[in-house]
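The values are calculated or read from the model by the stated rules, or taken from the named source; none is laboratory data. Quantities reported herein were computed from a predicted structural model and do not represent experimental measurements. As a convention, Cβ positions derive from the backbone with ideal geometry for all residues, glycine included, and neighbour counts pool all protein chains shown. Areas reflect the complete protein model, heavy atoms only, side chains present, ligands, DNA and RNA absent. Shrake-Rupley method; radii C 1.70, N 1.55, O 1.52, S 1.80 Å.
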Amino acid sequence: LSALQLKRDSDVYITNVVKCRPANNRDPLPSEVEKCEPHLKKQINIIKPKIIVALGRVAGKTLLKVDTTLEHMRGRLFEYHNIPLFVTYHPAALLRNPNLKPNAWEDFQVLKNFFRDND
C-alpha cells in the first residue's frame with residue numbers, strides 16, 4: 001500500500017466476501033456467499049470505492065462468479081456491480097511463496113496506473 005502511497009487507515013477499506021470464517025478455514029460454500037453478499041453490497045454502496053481489489057483466488061472467483069485460476073484473473077480489470085475489480089494474490093500466498101512477489105509487484109503497478117489515470 002505504501003508503494004501506491006495509500007494508507008490503510010484512511011484510503012483503504014478491507015473486508016471479506018463472507019462475514020464469518022468457515023470451519024477449518026475452508027473456502028466458503030456458495031450458500032454462505034449468497035447469504036453474505038447483500039451485506040457486502042451494502043458496504044460497497046456506503047463506501048463507494050474507486051476500485052475493488054480481490055485478494056486471492058477465492059475472493060476473485062466468488063465476486064466474479066467464475067471457477068478459474070488466479071492466473072487467469074490477474075492483470076486485467078473486471079467489474080463487480082459497476083465498480084472496477086482487480087484480482088491479485090492474497091498476502092498469505094506471498095508469505096508462503098516469496099517467488100510470487102515479482103508478479104504481485106506487477107499487479108500493484110497496474111493498480112498504481114489505475115489510480116494515476118482515475119484521479
note = Subset of the stretch 9-37, residues among the hydroxyl-bearing types (Ser, Thr, Tyr) and either touching a Phe, Trp or Tyr at 6+ places or on another chain (Cβ under 9 Å) or part of a helix (DSSP H, G or I) (or both), comes to 31
ask   = Are any residues in the stretch 43-53 assigned to a helix (DSSP H, G or I) and either farther than 21 Å from residue 77 by Cα or touching a residue at least 12 places away in the same chain (Cβ under 8 Å) (or both), and if so, which ones?
value = 43, 44, 46, 47
task = Kindly check whether there is at least one residue in the stretch 20-35 that is surrounded by 14 or more Cβ atoms within 10 Å (Cβ to Cβ) and on the phi > 0 side of the Ramachandran plot.
result = no
query = How many of the residues making up the stretch 62-102 are part of a helix (DSSP H, G or I) and open to solvent by 50 Å² or more (accessible area, probe 1.4 Å)?
reply = 9
Lone unmet requirement of (1) closer than 20 Å to residue 119 by Cα; (2) out of contact with any strand residue (DSSP E or B) (no Cβ under 7 Å at 6 or more places or on another chain); (3) touching a residue at least 40 places away in the same chain (Cβ under 8 Å) for residue 17 = (1)
remark   = The residue from 6, 40 that alone is surrounded by 13 or more Cβ atoms within 10 Å (Cβ to Cβ), outside any loop (DSSP other than H, G, I, E, B) and not acidic (Asp, Glu) is 40
ask   = Looking at the stretch 41-82, which of its residues are in contact with a Lys or Arg (Cβ under 9 Å, 6 or more places away or on another chain), of a type outside the set (D, E, K, R) and more than 21 Å from residue 1 (Cβ to Cβ)?
value = 68, 69, 81
inquiry  = Which pairs turn up if I take residues in the stretch 74-88 that are in contact (Cβ under 8 Å) with a residue 24 or more places away in the chain and look for partners that are assigned to a loop (DSSP other than H, G, I, E, B) and among the charged types (D, E, K, R) with beta carbon separation below 9 Å, at least 6 apart in sequence or on another chain?
reply    = 83/48; 83/50; 84/50; 86/76; 87/76
